[in-house]
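K.L.:
The structure follows.
The values are calculated or read from the model by the stated rules, or taken from the named source; none is laboratory data. Remember, predicted model here, so these are calculated numbers, not experimental data. Here the Cβ positions follow ideal geometry from the backbone for every residue, glycine too, while neighbour counts run over all protein chains shown.
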Amino acid sequence: MKNSLFLGLALLGAATVPCVASYAGQQSGGSIVLLNAHIYTPAGWKQAVAIKDGAIVAIGSNREVAAKAPAGAKKVDLGGKTVFPGLHDMHVHPMGAGAQMTECHFSQEATPAQVIDAVARCVASKKPREWVTGGQWQGISFGDAGPNKAMLDKIAPNNPILLTDVSGHSSWANSAALKIAGVNKDTPNPQGGVIERDTAGEPTGILREAASQLVASRVPPATPAQNAASLKRALDQLLSTGVTTLVDALVAPPIAQAYDDLDSKGELVQQVRGCLVYGRSPGPQISFDQVLASRGKYERANFRPDCVKVFMDGVPTAGHTAALLEPYADNPPGMTDSGREKGILMVSPSELDPLVTKWDKMGLTVKFHAVGDAASKAVLDAIAAARKANGPNGPLHDVAHLTLLAKDQVARAKPLRATFEFSPYLWFPTIINDEQLKAVGPNLMSRAWPVREAIDSGALVVVGSDWPTGTPTANPWIGMETLVTRRVPGDPGTGPAIAANEAITLKEAVDLFTINGARQMGDAKVRGSIEIGKIADLIVLDRDPFAVPISDVHNTNVLKVFIKGRQVFAR
């Protein structure tokens, strides 16, 4: 059942977007009144809402709103349908997700034979020496030995192949790709990365973290037009699920240019914060200070590149790249001598603390990838250093993922004004979590993604899908359900759960996707709830999530989306 449900969710995430409109920049809709609705507001359920020039001007009963409606307002009868504020995805990689839709792709649950068959078909469609890229393979599916380059060499002796794993933190290359990149027995591990090797010291084809870039940097880059098209595909998919505001958690100059290209054509409808990625690629690159200095040329009404992304560690899977306070549970013989028994802390505190202090003073939000408990501790230490140097009122820095947040670190966030960001799309039994359980053991996984503790601490808590990394869909309704159940979507409460003691209520889950996201964006006065004076970012649903069994919430469909009062999506 687990596999079939997960495959179904993947298909749900890849569904065709029925209808997406576009508009230019700050342009907002005219006057409109939504009547006979079931509207979720901080003051309780209401029947109607009036919008003028993109803002909410009246809320109440049909009669009350009709009396205050702007002259000539268009009236829309919703026939009792539910209306929510627009949703926030605070951690997503849309251009990567859009590009993946056209690459060599196979299910995250695919067996080794299914993976090889799928890749062989992709190779057959290519010319000799043409690259094959895609994913997402699952290390645990290949057993203890894992995948290796020889498996790909058999089906592609003349085509370079680079396949990303389900976590996005490891890659699998064949001999042709390694040769092009000059990766061989004598190639040293790059800082923050690992080239896996066999007993003779030869690269196996598995590249961890920064080592993946040794080969990825040799893949011919997409054209600006291809980048813009990939970005648009994913943004449309997000819009169809009700996401009206998002944080792009990994922005390099080509991605920033793609946002600019969409905006210039009036096709960037959502509000986007872009996080410029620091120190991800080895070798010659544009100075990060230069990237920061040039960010203003990409800033638009709907795109704010006012965030820095820092990768502190990797993931707690077979690669052992998440940074832990204690050794991994499944360390094989010899791992202790390798220096990786506790994973990889990619940025040292001596480097991180002054950087965060500098960016904090510049008014930049810092988003940290911090999966392991050692990584999140180092991040909170860096935020503390910035607060001590610059005062307590700087940007709300964001500690992301937090799969293994240490219990004694939870209470630090609120006084530091640090935001805890979780990814609630993997909080149910899947093969991904089977691999994590094997790697770190049941004690750590019993508190995986401790969102209940985080909310109870008083810290600001938000959520992000991390799509397409680790999850086949960014559908927020799956996230809402599994925040509450910690079970496979659709499970009525009889199946296994992951860290069930960290479950929260549906009301709390909705807050994470709405008003809490707006608070993190600095937009709570204008977004995140349906109130008079706020921007009319609204979504119309086919059901009231509060009125159906919790196991049905993941089936919620978005029927219409309004941004600044203008309808930009209809199903």
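K.L.:
Considering region 239-268 alone, what residues qualify as being over 15 Å from Ala97 (Cα atoms), crowded, with 24+ Cβ neighbours inside 10 Å and not β-branched (Val, Ile, Thr)?
P.N.:
Within region 239-268, Gly242, Leu268 qualify.
K.L.:
Then there is this: Looking at Ser423, Ser376, can you tell me which residue is in contact with a strand residue (DSSP E or B) (Cβ under 6 Å, 6 or more places away or on another chain), modelled with pLDDT under 95 and closer than 22 Å to Thr469 by Cβ? Working first, answer last.
P.N.:
Details: Ser376 fails: modelled with pLDDT under 95.
After applying the criteria, what remains is Ser423.
K.L.:
Then there is this: Give Ala228, Ala211, Ala222 a once-over and let me know the one that is among the hydrophobic types (A, V, I, L, M, F, W, C) and more than 18 Å from Gly96 (Cα to Cα).
P.N.:
Numbers: Ala228 fails: more than 18 Å from Gly96 (Cα to Cα); Ala222 fails: more than 18 Å from Gly96 (Cα to Cα).
Unique residue meeting the criteria: Ala211.
K.L.:
A further question on this structure: Which residue out of Ala124, Ala99, Ala110 is free of Cβ contacts under 8 Å to residues at least 12 places away in the same chain and hydrophobic (A, V, I, L, M, F, W, C)? Reasoning before the result, please.
P.N.:
Details: Ala99 fails: free of Cβ contacts under 8 Å to residues at least 12 places away in the same chain; Ala110 fails: free of Cβ contacts under 8 Å to residues at least 12 places away in the same chain.
Selected residue: Ala124, the only one of Ala124, Ala99, Ala110 that is free of Cβ contacts under 8 Å to residues at least 12 places away in the same chain and hydrophobic (A, V, I, L, M, F, W, C).
K.L.:
If you scan region 492-516, which residues turn out to be closer than 15 Å to Pro549 by Cβ, at pLDDT 95 or above and over 21 Å from the mean Cα position of the chain (by Cα)?
P.N.:
Thr505
K.L.:
Which number in (1) modelled with pLDDT of 90 or more; (2) under 20 Å from the mean Cα position of the chain (by Cα); (3) not aliphatic (A, V, I, L, M) marks the one condition that His105 misses?
P.N.:
(1)
K.L.:
Considering only helices (runs of 4 or more DSSP H) fully contained in region 398-490, which possess at least 2 residues that are within 25 Å of Pro327 (Cβ to Cβ)? Working first, answer last.
P.N.:
Working: elements: 413-416, 431-440, 442-445, 451-456, 476-485.
Of the helices (runs of 4 or more DSSP H) lying wholly inside region 398-490, those with at least 2 residues that are within 25 Å of Pro327 (Cβ to Cβ) span 431-440, 442-445.
K.L.:
Okay, moving on. Within region 359-366, can one find any residue that is within 27 Å of Arg340 (Cα to Cα) and buried (at least 18 other Cβ atoms within 10 Å of the Cβ)?
P.N.:
Just the residues of region 359-366 that are within 27 Å of Arg340 (Cα to Cα), to begin with: 366.
Going one step further and asking which of them are buried (at least 18 other Cβ atoms within 10 Å of the Cβ), we end up with 366.
The answer is yes, given that some residue of region 359-366 is within 27 Å of Arg340 (Cα to Cα) and buried (at least 18 other Cβ atoms within 10 Å of the Cβ).
K.L.:
Kindly provide the set of residues from region 445-458 that are hydrophobic (A, V, I, L, M, F, W, C) and at pLDDT 90 or above, ordered by number.
P.N.:
Taking region 445-458 first, the residues hydrophobic (A, V, I, L, M, F, W, C) are 445, 448-449, 451, 454-455.
If the condition is that a residue be hydrophobic (A, V, I, L, M, F, W, C) and at pLDDT 90 or above, then Ala448, Trp449, Val451, Ala454, Ile455 are the ones that fit.
K.L.:
When only residues in region 515-529 that are basic (Lys, Arg) and either in contact with an Asp or Glu (Cβ under 6 Å, 6 or more places away or on another chain) or in a loop (DSSP other than H, G, I, E, B) (or both) count, which is surrounded by the most Cβ atoms within 10 Å (Cβ to Cβ)? Show your work before the answer.
P.N.:
Initially, region 515-529 is screened for residues basic (Lys, Arg), giving 519, 525, 527.
Applying the additional criterion that residues be either in contact with an Asp or Glu (Cβ under 6 Å, 6 or more places away or on another chain) or in a loop (DSSP other than H, G, I, E, B) (or both) yields 525, 527.
Working: Lys525: 12, Arg527: 23.
The qualifying residue surrounded by the most Cβ atoms within 10 Å (Cβ to Cβ) is Arg527.
K.L.:
Are there any pairs with C-beta distances below 7 angstrom linking a residue in region 148-166 that is in the same structural domain as Val315 (by TED's automatic domain parsing) and within 14 Å of Ala113 (Cα to Cα) to a residue that is polar (S, T, N, Q) and not in a helix (DSSP H, G or I), with the two at least 6 apart or on different chains, and if so which?
P.N.:
Matching pairs, first to second residue: none at all.
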